[in-house]
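Q: A single structure is presented below for examination.
The values are calculated or read from the model by the stated rules, or taken from the named source; none is laboratory data. Owing to the predicted nature of the structure, the values given are computational and were not obtained by experimental measurement. FYI the Cβ positions are ideal-geometry reconstructions off the backbone, even for glycines, and counts take in every protein chain you see. For accessibility, only protein heavy atoms count, side chains too; no ligands or nucleic acids. Shrake-Rupley method; radii C 1.70, N 1.55, O 1.52, S 1.80 Å.
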Amino acid sequence: MYKKVSALLLLTVLSQWLFTTPAWAQTSAQPAAVKPIKFSDYELPLTDYTLANGLRVILAEDHSAPVVAVDTWFRVGGADDPANRSGFAHLFEHMMFEGSDHVANGQWDKLLEAIGASNNAYTQNDKTAFWDVAPANQLPRILWMESDRMASLAVTDANFQPQRQVVIQEYNQRIANSPFGAPICASLPSRCKAMRPTNCPSSAMWTISTPPLCKRCKIFTPHTIAPTTPRW
């Protein structure tokens, strides 16, 4: 019995000695040198050119993963909303998903989800942006769909009315129902008159609730309006 206990104690001591770092080794070990991060190691080479139709293309190649990201920017945003009519740019962000000549209403997300792609959009004062992330071999489909809605957006009253209500609801949810959201947003134009046209958030929608209607929106299509402020 005593021999067994002695053997177990010996094995315990040996395991402690073999698998733990001695205290003297811990105190004498020097920390490894930390290599500084060089952002230049992560920068991608850019190819920047302009197509015959005026569309600027910035291409950044990265073959570390078999995916492609397409980010389409229109140089039209909340700053280009008509005076006393806020929210048109944001509304058109929504309208861009409502169909075109070759992509029916309700088919945009279905065509992209079928290939494992994701997409969304956002509106700011100086731009409206649409992004898609898809398998790399599906780039032709992404470019075709983006070009189709760019050239032949279906601006109809049937498409306009539901999206108008959606955008009003977004305003209510994000601004009107948030603490101090509506008062702050409503006071900006009067306090920042000298900063027109960027004195009002692009999501502001209190005036879109009174009928600008589809006819007014057709005038505001992104390819027919010129930016009112200098852009990059």
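Q: Every residue in region 167-176 that is out of contact with any Ser or Thr (no Cβ under 8 Å at 6 or more places or on another chain) and open to solvent by less than 60 Å² (accessible area, probe 1.4 Å), please.
A: Val167, Asn172, Ala176 - these are the residues of region 167-176 that are out of contact with any Ser or Thr (no Cβ under 8 Å at 6 or more places or on another chain) and open to solvent by less than 60 Å² (accessible area, probe 1.4 Å).
Condition check ((1) surrounded by fewer than 21 Cβ atoms within 10 Å (Cβ to Cβ); (2) closer than 18 Å to Ser152 by Cα) across all residues:
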residue	(1), (2)
Val57	yes, no
Val68	yes, no
Phe88	no, no
Glu98	no, yes
Val103	yes, yes
Ala114	yes, no
Asn120	yes, no
Thr128	no, yes
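Q: Next up: Could you run through region 130-157 and say how many residues are surrounded by fewer than 15 Cβ atoms within 10 Å (Cβ to Cβ) and basic (Lys, Arg)?
A: Here the count works out to 0.
Q: Scan region 35-44 for residues that are more than 21 Å from the chain's Cα centre (by Cα) and open to solvent by less than 100 Å² (accessible area, probe 1.4 Å) and report the count.
A: 3
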